[in-house]
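Notes for the one structure printed next.
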Amino acid sequence: MEAPCTKYSPEERKQLKETILPLLGDLERVGLELCRSPQQTEELVAETVAKACEKFHTLRDHSKAKQWLLRILTNQFISKYRSKKTRREITYDEASEEPEQFSLFDELSQPVFWWGNPEQEVITKFVDNDFREAIGLLNEESRTIVIMCDVEGYSYDEIASIMDIPVGTVRSRLSRARSELQKKLYNHAIDMGWVSNRGVEQRTTADENE
Amino acid sequence: MKTNREIDCREALKLIAAYVDQQSTKSDSKSLEKHLESCRHCFDRVEFEKMLKNRLKGLKLDTSSSEMSTEVRRFLEDL
């Protein structure tokens, strides 16, 4: 990294160190969950810390340092890795009509088979890496919001603060991201032969019996 | 005493995500729970979404002993 920020006084540098250093582990963890590559994570964390040093004077409330750092990290991640395709997709956010939502439950559940929960059985077949692969296939915006909410466990308000978007936008983006994720999980389940492309195998049998 | 509003499956569907995320209001939670008492399909949906969320929660990494960012760490320590 470049020489320490010379624009700060020794006292400010001490404060900078005491603010960022304890949160470095959080940046590494979220960075690795987003990038899935240690090398890319190191680059992302280094860029985040460099930016944080540069903008440290803008941080007024030090109790919100973690959210502030995560905002820099996620912004860096999204702007660094997002493709042109992703930029077009983001415009959906303010669109009046939401694209149709995909639901894994709707595809897999079979109300007629009241004695079992085939949709739950399918979920038990996935290993952690299947979920990681599916998350990795999401665009950067969707990946970020799923990781922040479902993996890291942040509340809607916290995510709104981290991503600098209204809570309503958190809800709509999350809904869309989960729909995309469930579609990818469904496709994986089909590829693995756990379900037919008409739902779980039992559904075919039920249809034939009708 | 205030009673909870009865909701149908369509309304319940709109409340499920926030409920599973533990982000819904008390009133919405109560309305949904009341609906779940009598609707097996929505009950199964909630159980499924909870199960999926739990699996995703389990992906949280432990990087406490990682050797990443040694240069950044050194830079900060030297400040």
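Every condition in (1) assigned to a helix (DSSP H, G or I); (2) modelled with pLDDT of 95 or more is met by B:Arg74 except one, and the failing one is (2). Summed over segment A:9-26, the residues that are under 16 Å from A:Lys64 (Cα atoms) and more than 8 Å from every other protein chain (Cβ to nearest Cβ) give a count of 6. B:Lys50 meets each of the listed conditions (1) within 9 Å of another protein chain (Cβ to nearest Cβ); (2) touching a helix residue (DSSP H, G or I) at 6+ places or on another chain (Cβ under 6 Å); (3) open to solvent by 20 Å² or more (accessible area, probe 1.4 Å) apart from (1). Against the numbered list (1) open to solvent by 20 Å² or more (accessible area, probe 1.4 Å); (2) touching an Asp or Glu at 6+ places or on another chain (Cβ under 9 Å), A:Glu180 comes up short only at (2). Against the list (1) in contact with a Ser or Thr (Cβ under 7 Å, 6 or more places away or on another chain); (2) within 11 Å of chain A (Cβ to nearest Cβ); (3) farther than 27 Å from A:Ile123 by Cβ, the condition B:Thr70 fails is (1).
Yes/no per residue for (1) over 24 Å from A:Met148 (Cβ atoms); (2) in a helix (DSSP H, G or I); (3) touching a residue at least 60 places away in the same chain (Cβ under 8 Å):
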{"position": "B:Arg10", "(1), (2), (3)": "yes, yes, no"}
{"position": "B:Ser29", "(1), (2), (3)": "no, yes, no"}
{"position": "B:Arg45", "(1), (2), (3)": "no, yes, no"}
{"position": "B:Lys60", "(1), (2), (3)": "no, no, no"}
{"position": "B:Ser64", "(1), (2), (3)": "no, no, no"}
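Annotation note: of A:Gly193, A:Gly168, the sole residue that is open to solvent by 40 Å² or more (accessible area, probe 1.4 Å) and part of a loop (DSSP other than H, G, I, E, B) is A:Gly193.
Hey, could you check segment A:30-83 for residues that are open to solvent by less than 70 Å² (accessible area, probe 1.4 Å) and touching a residue at least 60 places away in the same chain (Cβ under 8 Å) and say which is farthest from A:Gly136 (Cα to Cα)? Among them, the one singled out is A:Gln67. With the requirement that a residue be surrounded by 19 or more Cβ atoms within 10 Å (Cβ to Cβ) and at the interface with another protein chain (Cβ under 10 Å from one of its Cβ atoms), what does segment A:105-130 give you? Listed by number, the residues that qualify are A:Phe105, A:Leu108, A:Ser109, A:Glu119, A:Val122, A:Ile123. Selection of segment A:162-200 for residues being over 15 Å from the mean Cα position of the chain (by Cα), among the polar types (S, T, N, Q) and farther than 15 Å from A:Asp130 by Cα yields A:Ser196, A:Asn197. Quick check on my filter: what residues within segment A:147-165 are open to solvent by 30 Å² or more (accessible area, probe 1.4 Å) and assigned to a helix (DSSP H, G or I)? Those that are open to solvent by 30 Å² or more (accessible area, probe 1.4 Å) and assigned to a helix (DSSP H, G or I): A:Asp157, A:Glu158, A:Ser161. Tell me, please, whether a residue that is modelled with pLDDT of 95 or more and in contact with a Gly (Cβ under 9 Å, 6 or more places away or on another chain) can be found in segment A:99-110. Checked against the condition, which is being modelled with pLDDT of 95 or more and in contact with a Gly (Cβ under 9 Å, 6 or more places away or on another chain), segment A:99-110 yields no hits at all.
In the set (1) basic (Lys, Arg); (2) out of contact with any Pro (no Cβ under 9 Å at 6 or more places or on another chain); (3) within 11 Å of another protein chain (Cβ to nearest Cβ), B:Arg40 fails one condition alone, (2).
Among the residues in segment A:131-146, are any acidic (Asp, Glu), assigned to a helix (DSSP H, G or I) and either at the interface with another protein chain (Cβ under 10 Å from one of its Cβ atoms) or more than 12 Å from the chain's Cα centre (by Cα) (or both)? Yes, some residue in segment A:131-146 is acidic (Asp, Glu), assigned to a helix (DSSP H, G or I) and either at the interface with another protein chain (Cβ under 10 Å from one of its Cβ atoms) or more than 12 Å from the chain's Cα centre (by Cα) (or both).
The values are calculated or read from the model by the stated rules, or taken from the named source; none is laboratory data. All of these numbers come straight from a predicted model, not from anything done at the bench. Every residue, glycine as well, gets a Cβ built from its backbone with ideal geometry; the counts of neighbours run over all protein chains shown. Surface areas here come from the heavy atoms of the whole protein model, side chains and all, with no ligands, DNA or RNA. Shrake-Rupley method; radii C 1.70, N 1.55, O 1.52, S 1.80 Å.
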